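Input: a single structure, listed below in structure tokens.
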Amino acid sequence: MKNKKPELKLSESIIILIGILALMAVGIIGLHISPEVPILFGIMVLIFWAKWRGFSWDHINESFIVGIKSGILPLFIFLLIGSLIGLWIATGIIPTLMVYGFKLINVQWFLPSVFIICGTMGAVIGSAFTVCSTLGIAFMGIGLTLGVDPAMTAGAILSGAVFGDKASPLSVSTNVAASVVHANLIDHIKNLMWSTIPASIVAFILYAFLGQHTGHANFANVDQTISVLQHHFLISPISLIPVFLLFICAWVKIPTIPTLFINLLVSGIMGLLRMPGLNLVQINNVIQNGFVSHTGDKHVDMLLTRGGIAGMMGTVALIFVALSIGGLLINLGIIKAIMVPLTSHLHSTASLIISVIITCFGVNFFIGEQFLSLILPGESFSKAFKDNNLAPIALSRALEDGGTALTYLIPWGVAGSFVTATLGVPTIAYLPFVFLSLFSPVFSIISAVTGFKIKYIHNPKETKTITE
């Protein structure tokens, strides 16, 4: 009996969640401090409450493992991406993307162009993180030089990246959303487009409007930046080989981690062969500590001084504590105590879909891990959707619109903290401009309320006739 897990009541679990939320809100929003310390205090409160409620220390300690193990792969991927960012700058790959971008993109159509290009690349390679850490950095540099608000540029980059995450059969999140509800992947993607394409159209229109009414290009700055980049970096079409290598690896379905290792290897070898001043020790330093730009142009140096394993450690620490508090909420049964009564009282199509979207956002907010925001609601609502004649792809679309789309808007979450560290823009700043993420759940809710393009297991009219 000593090891029996205490049963939690709904009211108690809600009070705990609200208390943790209030604690984090005071620190992050009220005092404007970084999220790590408020989350640590939240963990402390949960630990002492759990012990007071009768949980064993072993069970509490196990909760940390439950939370952190779901983030091991993303954390390792972030370290590889940090290494790749530093190496791509040092070997001239990102500077080359910037120079060619300056020559191809019209300032008035900069934001919609960024959205379309990042969306296209994302759909091909199926990784929002890779889009943000490659093309994203180049577009941030172009946008800063053109005088575009960095938050707007980051929003356009991320909207495109999220579109790619939702539209690509190579996307891990899309595969997770389909598999957790046992839906056909292609059917899921097709159905997902009924909310994603309208959201994309609205996003494109808004970016086009902002592009016409925000900032004016200082072409003297543009020419100066191009000159600085050409003088200090190796600008050449050959430098783009690693970029095309990302596409090739995606097409042959090589997973993310080996893809990044292959790219690191190729980028390093190209640097050694094409840059006489570069040696293995310098490459090691770039991978470990990131690239430090010394061009003499403060704007270029600010943008291109980044990357490396060390540069990602702050993000890793934030994700580590966020996953820890998520593990406590899951393993102590707080999430389950709220989810079970919730699903049993939902019977209409609209209430089910809206609840899934809200729950996905809630899991993102409290746990900060994208895949858990798909898996937990997917498993919790699966039976309720089946009992109400709703097809699996109806659930998987709601999961993506509430989980994948909104995960990048949480400052302390895995995705949000990564984007902030990579693009150098606070999550709260770029949040209002990630139009695709903001409008995807809106169109999903409209579909639920109107019944437009909602997929059923059996035709509702036929089912009604048989029942009568």
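Using θ = phi - 60° in the Karplus curve 6.51 cos²θ - 1.76 cosθ + 1.60, the 3J(HN,Hα) couplings for the stretch 175-182 round to 5, 5, 4, 6, 6, 5, 10, 6 Hz; x is entered for Gly and Pro. Could you tell me whether the stretch 105-145 comes out rounded, prolate or oblate from its Cα gyration tensor? Rule is a ≥ b ≥ c as square roots of the eigenvalues, rounded for a/c under 1.5, then prolate if a/b exceeds b/c, otherwise oblate. The shape class here is oblate. Just to be sure I understand the model, the point goes 7 Å from the Cα along the line to the Cβ. What's the resulting Ser344 to Ile205 distance in nm? So the two model labels end up 4.5 nm from each other.
In plain terms, the chain from Arg53 to Ile428 could stretch by 131.4 nm, reckoned as 0.36 nm per residue minus the Cα-Cα distance.
Using bins of 5 Å that start at zero, the share of Cα-Cα pairs per bin across the stretch 134-267 amounts to 2, 8, 13, 15, 15, 16, 14, 9, 4, 2, 1, 0, in whole %.
Across the stretch 147-186, the convex hull enclosing all Cα atoms gives 60 Å³ per residue. Computed over Cα pairs, the Kirkwood radius of the stretch 252-353 leads via Stokes-Einstein (1.567 mPa s, 4 °C) to a diffusion coefficient of 70 µm² per second. Here the sum of -39500 (n - 2.57) over DSSP H runs of 4 or more residues, divided by the residues of the chain, equals -23500 deg cm²/dmol at 222 nm, to the nearest 500. Normalised per residue, the accessible area of the stretch 181-312 is 55 Å², obtained with a 1.4 Å probe and no contribution from ligands, DNA or RNA. Sequence-distant contacts, meaning Cα pairs under 8 Å at least 6 residues apart, place the relative contact order of the chain at 24 percent.
When the Cα positions of Pro432, Thr422, Ser447 are compared along the charge dipole of the chain, Ser447 comes out farthest toward the positive end, with charges on each C-beta of Lys, Arg, Asp and Glu.
Under 5 Å between amide hydrogens, built in the peptide plane, is the criterion, and for Tyr456 it picks out Ala391 among residues at least 5 positions away or on other chains.
Legend: residues Ile319, Ile201, sorted from most to least accessible area (1.4 Å probe; ligands, DNA and RNA excluded), read Ile201, Ile319. Across every pair of non-identical alpha carbons in the stretch 323-468, the mean reciprocal distance, once inverted, gives a Kirkwood radius of 16.0 Å. Accessible area ranking (1.4 Å probe, heavy atoms, ligands and nucleic acids excluded), largest first, for Thr349, Thr422: Thr349, Thr422. Across the accessible surface of the stretch 289-435, with the other protein chains kept in place and a 1.4 Å probe, carbon and sulfur atoms take up 71 percent. The HN-Hα couplings worked out from phi for the stretch 141-154 by the Karplus form 6.51 cos²θ - 1.76 cosθ + 1.60 (θ = phi - 60°) are x, 5, x, 4, 5, 7, x, 7, 3, x, 5, 5, 4, 4 Hz, whole numbers, x standing for Gly and Pro.
Only protein heavy atoms count here; under a 1.4 Å probe, Trp109 has an accessible surface of about 110 Å². Would the stretch 77-215 count as rounded, prolate or oblate if I go by the C-alpha gyration tensor, calling it rounded below 1.5 in a/c and otherwise prolate when a/b exceeds b/c, oblate otherwise? The shape class here is oblate.
The values are calculated or read from the model by the stated rules, or taken from the named source; none is laboratory data. Here the structure is a predicted model, which means the values were calculated and not measured. Neighbour counts run over all protein chains shown; Cβ positions are idealised from the backbone, glycine included. Heavy atoms of the whole protein, side chains included, go into the accessibility calculation; ligands, DNA and RNA do not. Shrake-Rupley method; radii C 1.70, N 1.55, O 1.52, S 1.80 Å.
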